[in-house]
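Written below as structure tokens is the structure these notes are about.
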Amino acid sequence: MDTLLNAYSQERVEFIRGWWGMYFKEIEENVNAGKFPFHKSERDSGEFLFYLNASRSVGEIVLELACGAGRMSIALGHAGIRVIGLDASLPMLSYGHKILSLFPEDVQKRVRFVQGDMCNFALRKPVRLIIIPFNSFWYNFYRMGGSPRTHADSCVRCIIDALEFEGRFIVDAPNHNNCGYWWYEMAEKYGFRFVISDDKYFHTVLIGEKTSR
Ligand SMILES: C[S@@+](CC[C@H](N)C(=O)[O-])C[C@H]1O[C@@H](n2cnc3c(N)ncnc32)[C@H](O)[C@@H]1O
């Protein structure tokens, strides 16, 4: 966990805080006005609506891996979805808590942040949807120790273990590290089917569905 925490240390969070800070006030104003809370480009790019529709179609709690400061978890919670946001970095999560505290109590109750490793986690109760927005699956390829794909493989195993039968997972930008074919190996190894689509959405996304019981 230490190397991960270093990767997204307080210093890195300060950088992101600057980025968010550009419109932190705007988040606050939007919350008070009952509007979409984050920058409208995030809604207009289609990314948020894509994850919202996916979450609504399962109608249950959604797990976001590598949720960072909760950009997507909080937006989904604000739209009525119950979300668990998991991230390795305490500074990122504490910034997420700070943003979440701007929101009404019902939104705060729908979003839960936990510190954890997306390559080594387990849920008490399986879920129907796991999402990894904004390139965050890539971090698995840059992690120290093991071959570049060791951690990515562990992450996929944890995802499949944490899903109900026919539950789905969504990975943003899955073709990084020339790993297009690798997804077929993973599908066979862990029991899921998938499509990779880049024509309908904001980015290329992989949508997987667990086929193993
Ligand atoms: C680009 S940021 C988060 C973006 C977030 N998904 C979003 O859409 O706003 C990437 C995050 O991945 C987290 N991260 C990297 N490796 C991780 C791991 N193995 N387990 C959990 N979180 C991880 C970092 O701490 C960081 O907060």
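The values are calculated or read from the model by the stated rules, or taken from the named source; none is laboratory data. Being a predicted model, the structure only gives us computed values, none of them experimental. Every residue, glycine as well, gets a Cβ built from its backbone with ideal geometry; the counts of neighbours run over all protein chains shown.
Determine which member of the set 171, 195 is exposed (fewer than 14 other Cβ atoms within 10 Å of the Cβ) and β-branched (Val, Ile, Thr).
195
Restricting to segment 60-86, what's the tally of residues that are more than 9 Å from the ligand (Cβ to nearest atom) and touching a strand residue (DSSP E or B) at 6+ places or on another chain (Cβ under 8 Å)?
Final tally of qualifying residues: 11.
Go through segment 94-208 and tell me which helices (runs of 4 or more DSSP H), entirely inside it, have 1 or more residues that are more than 27 Å from residue 24 (Cβ to Cβ).
Once the helices (runs of 4 or more DSSP H) in segment 94-208 are filtered for at least 1 residues that are more than 27 Å from residue 24 (Cβ to Cβ), what remains is 150-162, 182-190.
From the list 52, 93, which one is closer than 21 Å to residue 207 by Cβ, at pLDDT 90 or above and either of a type in the set (Phe, Trp, Tyr) or within 15 Å of the ligand (Cβ to nearest atom) (or both)?
Only one candidate qualifies: 52.
Out of (1) within 12 Å of the ligand (Cβ to nearest atom); (2) under 19 Å from residue 202 (Cβ atoms); (3) surrounded by 20 or more Cβ atoms within 10 Å (Cβ to Cβ); (4) touching a residue at least 40 places away in the same chain (Cβ under 8 Å), the odd one out for residue 134 is which?
Looking at each condition in turn, residue 134 falls short on (3).
Could you grab me the full set of residues in segment 96-114 that are among the small types (Gly, Ala, Ser) and away from the ligand (no atom under 15 Å from the Cβ)?
The answer is 101, and nothing else.
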